[in-house]
């Protein structure tokens, strides 16, 4: 559940960045590339921050 919340927050940040780039006049191709990179970073960091730690082996 916390992974989903993390990704929703990251999607809002990515959308805001894409909107800002669009208003600034950046070409659509570069906006799409930036969004793909940000989504990749978001998934990687979301998994690392919300992953359950393995229990110690006895």
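Scanning region 9-20 for residues that are surrounded by fewer than 11 Cβ atoms within 10 Å (Cβ to Cβ) and either under 11 Å from the mean Cα position of the chain (by Cα) or within 13 Å of residue 42 (Cα to Cα) (or both) yields a single hit, 12.
Kindly indicate whether residue 26 is touching a helix residue (DSSP H, G or I) at 6+ places or on another chain (Cβ under 9 Å), free of Cβ contacts under 8 Å to residues at least 60 places away in the same chain, assigned to a loop (DSSP other than H, G, I, E, B) and surrounded by 10 or more Cβ atoms within 10 Å (Cβ to Cβ). Yes, satisfied. In this structure, residue 48 does satisfy being on the phi < 0 side of the Ramachandran plot, assigned to a helix (DSSP H, G or I) and surrounded by fewer than 10 Cβ atoms within 10 Å (Cβ to Cβ).
Coordinate-derived values only; no laboratory data. On a predicted model such as this, the values are computed, not experimentally measured, just so you know. Here Cβ is always computed from backbone atoms with ideal geometry, including for glycine, and neighbour counts include all displayed protein chains.
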